[in-house]
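Comments concern the structure below.
What follows draws every value from the coordinates through simple rules; no lab data is involved. Given the structure is predicted, the values throughout are model-derived calculations rather than measurements. Neighbour counts run over all protein chains shown; Cβ positions are idealised from the backbone, glycine included.
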Amino acid sequence: MEAQEQLKSGDFTAAAEPFRLFEEWLGEAKASEINDPNAMALATVDSDGLPDVRMVLLNARDERGFVFFTNVGSAKGQEVLANPKAAAVFHWKSLRRQVRVRGPVEQVSDAEADAYYATRPRLSQIGAWASRQSRPLEGRFALEASVASYTAKFGLGAVPRPDFWTGFRIRPVQIEFWQNGQFRLHDRIVFRREPDGTSWTKTRLYP
């Protein structure tokens, strides 16, 4: 009942800035989503200007922006290096909410990438070495052979971060919060970053 009442409430529209509101919504999604509440659809643009979108995981966030990690040779890695802008959307079906993010993209520091890589399970670290992400694969056996090769290479020692594996941060210039309403009379607010880079303006939108 409490969750349903929350869905009917437009109180979130009183929020003064977007990051605290995002943390509140993500926290609630962690309690209600079955899988991966930090999943987001990431949109980039290829060299022909054709949009490309895929699901990725949000691995870090703070007031600088939203971070995901990837092989820089992957499609998304190549696209953000060539055209460092992106958009992302979080959709929490259990809460009937969405958050949309848009902005320029920057590469995280080596220290940030190293710190996150160190938290990954060992097999995921090896997988980062073994996968030539987004490139043609002749068969499953080739991938398994690559995993076995790197497993043997690193033995029982630490698995270093590949220099081709790093993170990218979307530095939002716009963040929109959407909540389902009855009869499609949804609640929407959008925050736009001011030129000073620190303050935000907020606008309520028609559904």
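Here are some notes:
- Shape of region 103-207 from the C-alpha gyration tensor: prolate (a/c of 1.5 or more and a/b above b/c, with a ≥ b ≥ c the square roots of its eigenvalues).
- Dipole magnitude for the chain: about 320 debye, using +1 per Lys or Arg Cβ and -1 per Asp or Glu Cβ, origin at the Cα centre.
- J(HN,Hα) series, region 170-184, from Karplus relation 6.51 cos²θ - 1.76 cosθ + 1.60, nearest Hz, glycine and proline x: 7, 9, x, 9, 8, 9, 10, 10, 10, 9, 4, x, 5, 6, 6
- Computed [θ] at 222 nm, helices only, for the chain once each DSSP H run of length n ≥ 4 contributes -39500 (n - 2.57): -9500 deg cm²/dmol
- Extending 7 Å from Cα along the Cβ direction at residue 96 and again at residue 149 yields two label points whose distance is 5.2 nm.
- Once the Cα-Cα distance is subtracted from the 0.36 nm per residue extended length, the residue 123 to residue 196 segment shows a gain of 22.0 nm.
- For the chain, a Gaussian network of Cα nodes joined below 10 Å ranks 93, 76, 85 by mean-square fluctuation, and the top entry is 93.
- Using the Cβ-Cβ distance between residue 12 and residue 164 with R0 set to 41 Å, the FRET efficiency works out to roughly 0.55.
- Remark: spin-label model distance residue 32-residue 54 equals 3.0 nm, labels positioned 7 Å along the Cα→Cβ axis.
- The residue 62 and residue 185 beta-carbon pair, evaluated with R₀ = 25 Å, returns a calculated FRET efficiency of approximately 0.15.
- Rounded Å value of the spacing that divides the Cα centres of region 21-80 and region 149-182: 9
- Counting lysine pairs in the chain that sit 8 or more residues apart in sequence, or on different chains, and whose Cα atoms lie under 27 Å apart gives 11.
- Selection from 198, 29, 53, by position along the positive dipole direction of the chain (Cβ): 53
- The value of relative contact order for region 35-124, using C-alpha pairs under 8 Å at least six residues apart, is 23 percent.
- Percent RCO, i.e. relative contact order, over region 75-178, from Cα pairs under 8 Å lying at least 6 residues apart: 42
- Structural descriptor for the chain: relative contact order 23 percent, calculated from alpha carbon pairs under 8 angstrom and at least 6 residues apart.
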